[in-house]
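Novice: The structure that follows is given in the form of structure tokens.
The values are calculated or read from the model by the stated rules, or taken from the named source; none is laboratory data. Worth saying up front: this structure is predicted, and the values here are computed from it rather than measured. Heads up, the Cβs are rebuilt from the backbone with ideal geometry, glycines too, and the neighbour counts pull from every protein chain shown. For accessibility, only protein heavy atoms count, side chains too; no ligands or nucleic acids. Shrake-Rupley method; radii C 1.70, N 1.55, O 1.52, S 1.80 Å.
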Amino acid sequence: MSITTVRVPSDLAQLIVESSPAAYVVVDAEGSIVFCNARTEKFFGYSREELIGQPMEMLIPERLHHKHREYRHAFTLAPKARAMGVGRDLYALRKDGSQFPVEVGLHQVMIQGAPLIVATVVDISERRLVQEELRAFTDSLEHEVVKTSKELEVLRTREAEFGRILERSLNEIYIFDAETLKFVHVNKGARENTGYTKEELANLTPLDLKPKFTASTLARFIEPLRTGEAEKLQFTTVHRRKDGSLYPVEVHLHLSAFESSPAFVAVTLDITERKRTEDELRESEEQLKMAQRVANMGFWTWDIAKNQAYRSEELYSIFGVRRQDFKPTYEGFLEWVHPDDRDFVRAQVDATARGGSHSMDYRIVRPSGEIRYIHEDGEVTGCVNDTPVQMLGTVVDITERKRTEEELRRSEANYRELFEHATYGIYRSSPEGRFLAVNPALVKMLGYESEDELLGVEMSSDLYATAGTRFELIERLGAAERIDGVEVEWRCKDGGLITVRLTGRPVRNEAGDLECFEMIVDDVTEQHRLEARLRQAQKMEAVGQLTGGIAHDFNNLLTVIMANLELAATALPREPAELWASFEDAQSAAQRGSTLVKKLLGFSRRERLKRQPVDLAALIGELLTMLRRVVPESIDISFQVQESVGNVLADSGAVEQMVLNLVTNARDAMPDGGELTIEVKRRRLDTTYVAVHPWVRPGEYISISVTDTGVGMDEATKERVFEPFFTTKAVGTGTGLGMGPRLQ
């Protein structure tokens, strides 16, 4: 094996390689590209980043892969100092899929103890074209030279045809004398592109077309062709037309012979369109980079086999790191992923690396300690023998979006908590009269088992006590943006009626069309009941104040009357008896008036009741004798006492008067006789009782109940049952409450 070790100053070597008209591609023993020069990018259309680490076979048509492997294997086993021209049909493959003929030179070098193969690639497209034509011409000429003059004429015809082919070529073809440098032949393409005539070009040299060249520059430039150091030169330059305009060209120059004299042949391609395409591509790339910056999007590529990654500048910006702080490996990326998310991210990427794609969110930790949220999409973009070898991905910083989503989630949770735990009813309904959403408080208020059960209710027929009420409410909403405190009657599941206060608004879409109603419901049934009781209490207080005032004045009058009666009693004779009886009646009436005044003052709170321990069972038992004289024989009286009733703190006179009034009213309610029951027993009043009678505190009580079989009271009488001085009796039929019709 012949191995050459090259020692050239690195700067000079770099300059030589980068300015070379040939493409230099260095591959390792496995056939992967480890280096390429600028000419390689121009030939193949790839950037260096896209080529490094890739197999050399990506630059070779698939039909030649086996030949490439054979040549590389053979060259590795027995390298030569130089091996040029490895076949007539050796072609290279550009990025856009087009193919072009090449001439390849192979050379093996040792770098840090490792053998590398340096491939020198020359584009021989134009030369191949000319050579093929010339070869066809030469073959034909050699074959025809031994034939008859007729065949020689055919040869001349073919030669003329070849000349016509060159003449019609769209490329510019210049042939200029090797000594004088004057043009000796130019084709139609050259004349049309430059604007010169054939005669004008005959007096010109390449210096007239190349504004950047001088005679000495041109001499130095073509010297390698004169000395044989180079077989061909390929370069880009600028040509100047006759009108002075400039246009870019790519020149392929080699030394040949024309009419038995040395001459240079230059095949020139107008690359104006290619330059424009390259400029547009660069502009597009710049716009892409700008778009990525605006969108805060970065991207990365990863060579799976070599574990080498490329990342865009925007990605480094998102991660808040410098390029040198980011190791060019997959693990280097994981270093910045939040420790709690690394296993998840690794699993996603590893799964994609086996073929497929991924889309995921995760957290990163910047060098400052700041935590950011990232969304990443990745997929396999290259395979060899169905094995993924290349991945590409994009990353976007979604921290602000995450924060917004979290704030929205908290807001929705707070709203949901408010909706679910509100003590008042909340609902949303359709214009047609169906519940769309209800909260638990509304379900409980209406006595339904679940939200789903209430959602099935028809509002007009099942909910509103009066069907027309809902339509009146909708009309009010149609003319206003909201309603406040509208009271309506609703029907509960059990049929009972409640009064509710509605506050809400209609909800409209962007076009202004009604979508639904949103309402807050407050059950004011108990409030109305309490307000009625308050009004009654206020009325009773006013009556009490009036009664107290009257009783006080009346008591002053009685005091004077009773004092005068007592004085008269000392001087009045006992005879005649009739006069004394009338006097005693006056004293008795005054005494009863005094007792009445005490009761009125007790009612008005002007005089406190004298409360003391009282045995209610014994008190009422003693009262029975008197009660039986008040009640006719047609009414049976029953007295029931629970054992161990105990004593209470009460005014015995007030208790006697209360029982007497109840018995008297019961007697009047049973004019044809009946049964009257007086019961004394212990009772425990719980919260259920208190809910209906809010003035009572829960606890142990002793109750006195008087029950009769009389006609009962109607609703109007029950409403006024506790009003003082109220009676249902006609004038002249006595005092007391009296009874109305029996309550059904």
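Novice: Suppose we filter region 399-426 for residues that are under 17 Å from residue 453 (Cα atoms) and open to solvent by less than 10 Å² (accessible area, probe 1.4 Å); how many remain?
Specialist: Of all residues in region 399-426, those under 17 Å from residue 453 (Cα atoms) come to 420, 425-426.
Those still in the list that are open to solvent by less than 10 Å² (accessible area, probe 1.4 Å) too: 425.
Within region 399-426, residues that are under 17 Å from residue 453 (Cα atoms) and open to solvent by less than 10 Å² (accessible area, probe 1.4 Å) number 1.
Novice: Quick one: in region 225-256, of everything that is acidic (Asp, Glu) and surrounded by 14 or more Cβ atoms within 10 Å (Cβ to Cβ), which residue is farthest from residue 278 (Cα to Cα)?
Specialist: For region 225-256, the residue satisfying everything is 231.
Novice: For residues in region 334-352 being open to solvent by 20 Å² or more (accessible area, probe 1.4 Å) and among the hydrophobic types (A, V, I, L, M, F, W, C), which is farthest from residue 384 (Cα to Cα)? It would help to see each step written out before you state the result.
Specialist: We begin by selecting, within region 334-352, every residue open to solvent by 20 Å² or more (accessible area, probe 1.4 Å); these are 335-336, 338-344, 346-348, 350-351.
Next, from what is left, pick out any that are among the hydrophobic types (A, V, I, L, M, F, W, C): 336, 344, 347, 351.
On the way: 336: 30, 344: 27, 347: 23, 351: 18 Å.
Among them, the one singled out is 336.
Novice: Condition first: open to solvent by less than 60 Å² (accessible area, probe 1.4 Å) and not in a loop (DSSP other than H, G, I, E, B). Can you find one or more residues in region 508-515 that meet it? Before the answer, list the steps.
Specialist: Taking region 508-515 as the starting set, the residues that turn out to be open to solvent by less than 60 Å² (accessible area, probe 1.4 Å) are 509, 512.
So of that shortlist, the ones also not in a loop (DSSP other than H, G, I, E, B) come out as none.
No, there is no match, as no residue in region 508-515 is open to solvent by less than 60 Å² (accessible area, probe 1.4 Å) and not in a loop (DSSP other than H, G, I, E, B).
Novice: Looking at region 393-419, I want the residues that are more than 19 Å from residue 376 (Cβ to Cβ) and have a partner that is at pLDDT 80 or above and surrounded by 16 or more Cβ atoms within 10 Å (Cβ to Cβ) with Cβ atoms under 8 Å, at least 6 apart or on another chain. Which pairs are those?
Specialist: Cβ pairs passing all conditions: 419/426; 419/439.
Novice: Let me ask you something else. Out of the residues in region 452-470 that are open to solvent by 40 Å² or more (accessible area, probe 1.4 Å) and in contact with a Phe, Trp or Tyr (Cβ under 9 Å, 6 or more places away or on another chain), state the one that is nearest to residue 517 (Cα to Cα).
Specialist: Among them, the one singled out is 455.
Novice: If I ask for residues that are open to solvent by less than 70 Å² (accessible area, probe 1.4 Å) and assigned to a strand (DSSP E or B), which ones from region 682-712 would you list?
Specialist: 685, 699, 702, 703, 704, 705, 706, 708
Novice: Of all residues in region 346-380, how many are outside any strand (DSSP E or B) and in contact with a helix residue (DSSP H, G or I) (Cβ under 7 Å, 6 or more places away or on another chain)?
Specialist: Going residue by residue through region 346-380, those that are outside any strand (DSSP E or B) are 346-356, 366-370.
Checking which are in contact with a helix residue (DSSP H, G or I) (Cβ under 7 Å, 6 or more places away or on another chain) leaves us with 346, 366.
Residues that pass the stated criteria total 2.
Novice: Take the residues in region 300-333 that are part of a helix (DSSP H, G or I) and open to solvent by 30 Å² or more (accessible area, probe 1.4 Å), then tell me which one is nearest to residue 54 (Cα to Cα).
Specialist: Across region 300-333, the extreme among qualifying residues is 331.
Novice: Could you tell me which of the residues 219, 202, 190 is without any contact (Cβ under 8 Å) to a residue 24 or more places away in the chain and surrounded by 13 or more Cβ atoms within 10 Å (Cβ to Cβ)?
Specialist: 202
Novice: Let me ask another. Return yes when residue 269 is part of a helix (DSSP H, G or I) and hydrophobic (A, V, I, L, M, F, W, C) and no when it is not. Full working, then the answer.
Specialist: Details: part of a helix (DSSP H, G or I): no; hydrophobic (A, V, I, L, M, F, W, C): yes.
In short, no.
Novice: Of all residues in region 622-657 being assigned to a helix (DSSP H, G or I) and touching a strand residue (DSSP E or B) at 6+ places or on another chain (Cβ under 8 Å), which is farthest from residue 712 (Cα to Cα)?
Specialist: 652
Rundown of residues vs (1) surrounded by 13 or more Cβ atoms within 10 Å (Cβ to Cβ); (2) at pLDDT 75 or above, yes/no style:
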{"residue": "546", "(1), (2)": "no, no"}
{"residue": "559", "(1), (2)": "yes, yes"}
{"residue": "564", "(1), (2)": "no, yes"}
{"residue": "572", "(1), (2)": "no, no"}
{"residue": "584", "(1), (2)": "no, no"}
{"residue": "597", "(1), (2)": "yes, no"}
{"residue": "603", "(1), (2)": "yes, no"}
{"residue": "609", "(1), (2)": "yes, no"}
